[in-house]
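K.L.:
One structure, pasted below without further comment.
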Amino acid sequence: MLLQTALLLLVLHRHVGATTAEEPGVPLPPPKGTCEGWMAGIPGHPGHNGTPGRDGRDGTPGEKGEKGDAGLLGPKGETGDVGGTGAEGPRGFPGIPGRKGEPGEGAYVYRSAFSVGLETGVTVPSVPIRFTKIFYNQQNHYDASTGKFYCNIPGLYYFSYHITVYMKDVKVGLFKKDKAVLFTYDQYQEKNVDQASGSVLLHLEVGDQVWLQVYGDGDHNGLYADNVNDCTFTGFLLYHDTN
């Protein structure tokens, strides 16, 4: 009933408004179907909300927005596995030559050598044999007046001797610091010239002396030398001590 009254008032209001706009000042006639002297009722209460309509269709995608600010740095991840060995790269260009080094000290050449011969067959037993025929003695490390070699450079030396044997047996010894280190014995064959020789390596210190001498008494003193037969004594430094 209230709803019908509200609709009636709404229709009446629209009808009155339209009539006034067309003819101002003219009283409106009463609505059709009503009694004379009618009165409008009190407005009714608002109606209840209707049920929600169905969802509309999706709209078209909007334009792409501006790029946002960079986010915060995340935590460090776990270490990954070691990768495989890569292929060998191309060969690089040659480097720049280095600076020239400082001049080094000149190497000193150590020399010590002699080679001597016997000029006469007369020798004295148990004393150094004096070889007075000088083949080489540039450093003067051999003393012809004593028949001894004097070490001036410590190191390893090679000594050798070659003896012509005639008229008697020969027994000679190579001495180092008053001690025989090598012996050579040769028995004389009657009416024949024989040869005897010996050689040895010796390590010497500065001041050591080396010489040859007839060992024993005069019965083993058959050394011989003339214009076609020689007795020689030779020695030289192989290498010097480095310490």
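The values are calculated or read from the model by the stated rules, or taken from the named source; none is laboratory data. A quick note: this is a predicted structure, and the numbers were derived from the prediction, not measured. Glycine also receives a Cβ, built like all others from the backbone with ideal geometry; neighbour counts cover every protein chain displayed. Ligands, DNA and RNA are excluded from the accessible area calculation, which covers all protein heavy atoms including side chains. Shrake-Rupley method; radii C 1.70, N 1.55, O 1.52, S 1.80 Å.
K.L.:
Are any residues in segment 99-152 part of a loop (DSSP other than H, G, I, E, B), touching a strand residue (DSSP E or B) at 6+ places or on another chain (Cβ under 8 Å), open to solvent by 50 Å² or more (accessible area, probe 1.4 Å) and touching a residue at least 60 places away in the same chain (Cβ under 8 Å), and if so, which ones?
P.N.:
If the condition is that a residue be part of a loop (DSSP other than H, G, I, E, B), touching a strand residue (DSSP E or B) at 6+ places or on another chain (Cβ under 8 Å), open to solvent by 50 Å² or more (accessible area, probe 1.4 Å) and touching a residue at least 60 places away in the same chain (Cβ under 8 Å), then Tyr110, Arg111, Glu119, Val124, Ser126, Val127 are the ones that fit.
K.L.:
So in segment 66-115, with the set limited to residues that are among the aromatic types (Phe, Trp, Tyr), more than 26 Å from the chain's Cα centre (by Cα) and at pLDDT 85 or above, which one is nearest to Tyr158 (Cα to Cα)?
P.N.:
Per the stated criteria, the residue is Phe114.
K.L.:
Next question. Taking the condition over 56 Å from the mean Cα position of the chain (by Cα) and of a type outside the set (Val, Ile, Thr), does Asp208 pass?
P.N.:
So Asp208 fails the test.
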